[in-house]
Amino acid sequence: MSKDRPALVELRFELNGKDVAVECEPQQTLSEVLRGRLNLTGAKISCEVQVCGACTVLVDALPVSSCTYLAYEAQGRSVTTIEGLEGRDRTLHPIQQCFIDEFAFQCGFCTPGMILSAKALLDDNPDPTDDEIIHHMDGNLCRCTGYVPILKAIRKAAAVMKEARG
Amino acid sequence: MMPLRRFAIHRPADLGEAAEMLDHYGDTGTLYAGGTELLLAMRHDLLRYEHLIDIKAVAGLDRVERRDGHLYIGAGATHRTIERSAVCRELLPVMSEMEANVANVRVRATGTLGGNLCFAEPHSDPATLLLALDGTARAQGKSGERMLSMDELLAGAYENSLAQDEVLTGVDVPLPGPSQRNAYLKFQVHERPLLGLALSLELDDGGDIREARCAIGCVSPTPCRSEAAESLLAGPADSVEQRLQEAAAALADEAALTDDREGSAEYKRHLIGVLLHRAARKCLNRDG
């Protein structure tokens, strides 16, 4: 077995709208770099088999499981975490606000992943049907709320975002 | 959980270099695409590699396009790319529909068709459908290209038949004519399907079935067809409908069902009957 340390990756990417540069090893996951190196702990680690969605972040607007997505893949791309959602004036993103308004979380562990997954949906399909929301959110698991408030929150966020666009 | 063991990532410039790398690293290296299965297995220390060869570095492997009488789907195309491909939706809608329901939205965004087929997970949706649609895999090695049927490519559970230096580059799927009806259905409670069933019927002018291909997945090491079932599924539509249960039994026999944590053999046998009835109704437009 080779004892050589694999070359470090000089990783540069856009993180929540700002350019970042960080060194990582090829086998490091995006969640390890986000949580361990960049102190962004919003992405939660749970199942580690791409089933639960707690670690969801957006890479070039698409949701990925950051727990098993190599940080190396983020090179030159745009990464959005829950920490990057609030507006410049520190107001919450409409999806965040609607999750609060509709009581769409209890313990909150799945919430960052839920909200980012919902954001990916609404940015791509601003006016989804309930079936489309359910289909899209199928891979994000919540053990507390029973999902109905989450569905309501996303439905409401779609309406709020539509109104804001005018 | 433990972090991933150390490995190096290599970016081949073209297929030739990828084949050289595969040959050079032997058992210590493997191709890496979306990582949605490979990295999970590595994370659980079920697989160990010191070298991952990132096949996404080779440009052009993610194309989905019409070529002669086929739809060509590049091995590097993600499930999402295939789901959303206009040409796939138009020419082979059953493939787009199947892809729209693979795993979850995150897996679809990164996982590739090629990775899915090469990993040969017995619960693969694409493998079952492509077996029924008579898809042909294209493999490129140091000495050239060869074509493999799905049966030939899928050697066993988690096992493909590619040579050490071969790269799966894409799949050719024959374009369905106007008389072909296709359906893919699955039943799923947990994160992976318990049963996938693909049915492809060639109808004649009177609406009777000239030829049938049917594949089931998830319940055997690789997806399987049954000659006996397919001959029962051909003939006048009304009499085929009478024989669906018999055909389902033939499929179940072929799969050599076993009791496991996903369900008993008896339960799986029942599900094959349910999905075959539904697929036949869908293909024959009997759902009103």
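Just in the range B:123-222: which trypsin sites (Lys or Arg not before Pro) are loop by DSSP and have at most 16 other Cβ atoms within 10 Å? Mind dumping the intermediate values first?
On the way: sites: B:ARG138, B:LYS142, B:ARG146, B:ARG181, B:LYS186, B:ARG210, B:ARG213; in loops: B:LYS142.
Filter output for the range B:123-222: B:LYS142.
If you take all C-alpha pairs in the range B:8-57, what percent of them are over 13 Å apart? Don't skip to the answer; put the middle values down first.
Details: 650 of 1225 pairs.
That fraction is 53 percent.
What lysines sit close enough to B:LYS282 to cross-link, taking a C-alpha to C-alpha distance under 16 Å and skipping anything fewer than 8 places away on the same chain?
Partners found: B:LYS186.
Could you compute the net charge surrounding B:GLU99? Neighbours are other residues with a C-beta less than 11 Å from the C-beta of B:GLU99; K and R count +1, D and E count -1.
On the way: positive: B:ARG80, B:ARG84, B:ARG89, B:ARG108; negative: B:GLU83, B:GLU97, B:ASP125.
Neighbourhood net charge equals +1.
Counting other Cβ atoms within 10 Å, which GluC sites (Glu not before Pro) in the range A:58-166 have at most 14 and lie in a DSSP loop?
Values: sites: A:GLU73, A:GLU83, A:GLU86, A:GLU102, A:GLU132, A:GLU163; in loops: A:GLU86, A:GLU102.
Here the GluC sites (Glu not before Pro) that fit, given the DSSP loop and packing criteria, are A:GLU86.
Could you give the angle, 0 to 90 degrees to the nearest 10, between helix B:15-25's Cα long axis and the longest principal axis of the Cα atoms of chain B?
70 degrees
Per 10 Å bin from zero, what fraction in whole % of the C-alpha pairs of the range A:9-84 is there, up to the bin with the longest pair?
Percent of pairs per bin, in order: 22, 62, 16.
May I ask what percent, to the nearest 5, of DSSP beta bridges between residues of the range A:9-84 are antiparallel?
Within the range A:9-84, antiparallel bridges account for around 90 percent of the total.
In units of 2.2 N^0.38 Å, what is the alpha-carbon radius of gyration of the range A:51-121? Walk me through the intermediate numbers first.
Values: Rg = 12.5 Å, N = 71, 2.2 N^0.38 = 11.1 Å.
In units of the globular-protein estimate, the range A:51-121 measures up at 1.13.
Explain nothing, just the number: relative contact order of the range A:83-166, from Cα pairs under 8 Å at least 6 residues apart, as a whole percent. Before the final figure, lay out each step's value.
Numbers: 72 pairs, mean separation 34.9, N = 84.
The normalised contact order for the range A:83-166 reaches 42 percent.
For the range A:67-154, which trypsin sites (Lys or Arg not before Pro) are both in a DSSP coil and crowded by at most 12 other Cβ atoms within 10 Å?
On the way: sites: A:ARG77, A:ARG88, A:ARG90, A:LYS119, A:ARG143, A:LYS152; in loops: A:ARG77, A:ARG88, A:ARG90, A:ARG143.
Answer by residue number: A:ARG88, A:ARG90, A:ARG143.
Distance between the C-alpha centers of the range A:32-80 and the range B:186-246? Whole Å please.
Computed from Cα coordinates, the inter-centre distance equals 40 Å.
Evaluate 2.2 N^0.38 Å with N set to the residue count of the range B:28-137, then give the Cα radius of gyration divided by it.
Numbers: Rg = 14.0 Å, N = 110, 2.2 N^0.38 = 13.1 Å.
Normalised Cα radius of gyration, the range B:28-137: 1.06.
Just to confirm my numbers, what's the Cα centroid distance between the range A:91-127 and the range A:133-166 in Å?
A separation of 6 Å, based on Cα centres.
Summarise the partner chain shielding of B:107-116 as one whole number: the mean count of Cβ atoms from other chains within 10 Å of each residue's Cβ. Display every interim value, and only then the final one.
Values: counts 6, 3, 10, 9, 1, 0, 0, 0, 0, 0.
Taking the mean over all residues of the peptide, I get 3.
Suppose the Debye formula is applied to equal point scatterers at every Cα of the protein assembly as shown; what is log10 I(q)/I(0) at q = 0.07, 0.12 Å⁻¹?
Each listed q maps to, in turn, -0.38, -1.09.
Per the Kirkwood formula on distinct C-alpha pairs, the Rh of chain B is how many angstrom? Don't skip to the answer; put the middle values down first.
Numbers: mean 1/r = 0.0511 Å⁻¹.
Averaging 1/r across every pair of different Cα atoms and inverting gives 19.6 Å.
Using square roots of five times the C-alpha gyration tensor eigenvalues, list the equivalent-ellipsoid semi-axes of the range A:94-165 in whole Å, biggest first.
Values: eigenvalues 64, 35, 20 Å².
With the √(5λ) rule applied to the range A:94-165, the semi-axes are 18, 13, 10 Å.
Relative contact order for the range B:180-283 using alpha-carbon pairs under 8 Å, separation at least 6, rounded to a whole percent?
Rounded, it is 26 percent for the range B:180-283.
Write down Rg/Rh for the range A:1-128, rounded to two decimals, with Rg from the C-alpha atoms and Rh from the Kirkwood relation over Cα pairs.
On the way: Rg = 15.4 Å, Rh = 15.3 Å.
Ratio of gyration radius to Kirkwood radius: 1.01.
Going by accessible area, probe 1.4 Å, with all protein chains left in place, what is the ranking of B:SER85, B:SER161, largest first? Before the final figure, lay out each step's value.
On the way: B:SER85 15, B:SER161 45 Å².
Per-residue accessible area, sorted high to low, gives B:SER161, B:SER85.
Take peptide B:98-106, look around each residue's Cβ out to 10 angstrom, count Cβ atoms belonging to other protein chains, and average those counts. Write out the running numbers ahead of the final one.
Details: counts 0, 0, 1, 2, 0, 4, 15, 14, 19.
Going residue by residue through B:98-106 and averaging, the value is 6.
Which of B:ALA250, B:ALA183, B:ALA75 ends up with the largest GNM mean-square fluctuation for chain B, with Cα atoms connected below 10 Å?
Most flexible of the set in this elastic network: B:ALA250.
Over the range B:64-174, what relative contact order in percent results from Cα pairs under 8 Å that are six or more residues apart?
On the way: 210 pairs, mean separation 32.4, N = 111.
RCO, the range B:64-174: 29 percent.
Just to be sure I understand the model, the point goes 7 Å from the Cα along the line to the Cβ. What's the resulting A:VAL20 to A:ALA7 distance in nm?
Output for this residue pair reads 2.4 nm.
Mind checking which of B:GLY156, B:GLY135, B:GLY263 has the largest fluctuation in a GNM of chain B, springs on alpha carbons under 10 Å?
Largest GNM mean-square fluctuation: B:GLY263.
What is the mean number of Cβ atoms from other protein chains located within 10 Å of the Cβ atom of each residue in peptide A:69-77, rounded to a whole number? All intermediate terms of the calculation are to be shown ahead of the outcome.
Working: counts 7, 8, 0, 4, 6, 0, 0, 0, 0.
Across A:69-77, the average partner-chain Cβ count within 10 Å equals 3.
Using a cut-off of 10 Å between beta-carbons, work out the net charge of the residues near B:ARG11 (Lys and Arg +1, Asp and Glu -1, B:ARG11 not included).
-1
Can you give me the angle between helix B:244-255 and the longest principal axis of chain B, using Cα atoms only, in degrees from 0 to 90, rounded to the nearest 10?
Its long axis makes an angle of about 30 degrees.
Springs between alpha-carbon pairs under 10 angstrom, Gaussian network model over chain B: which of B:ALA109, B:ALA33, B:ALA229 fluctuates most?
Among B:ALA109, B:ALA33, B:ALA229, the largest mean-square fluctuation in the Gaussian network model of chain B belongs to B:ALA109.
Give the lysines reachable from A:LYS152 as a straight Cα distance under 24 Å; neighbours fewer than 8 places away on the same chain don't count.
Candidates past the 8-residue exclusion: A:LYS44, A:LYS119, A:LYS162.
Work out the charge dipole of the protein assembly as shown with +1 on the Cβ of Lys and Arg and -1 on the Cβ of Asp and Glu about the Cα centre, then indicate which of B:LEU175, B:ALA157, B:CYS224 is farthest towards its positive end.
B:ALA157
The values are calculated or read from the model by the stated rules, or taken from the named source; none is laboratory data. Predicted, not measured: the structure shown is a model, and the values here were computed from it. All Cβ positions, even for glycine, are placed from backbone atoms using ideal geometry, and neighbour counts span all protein chains on display. These accessible areas exclude ligands, DNA and RNA; they are computed on the full protein's heavy atoms, side chains included. Shrake-Rupley method; radii C 1.70, N 1.55, O 1.52, S 1.80 Å.
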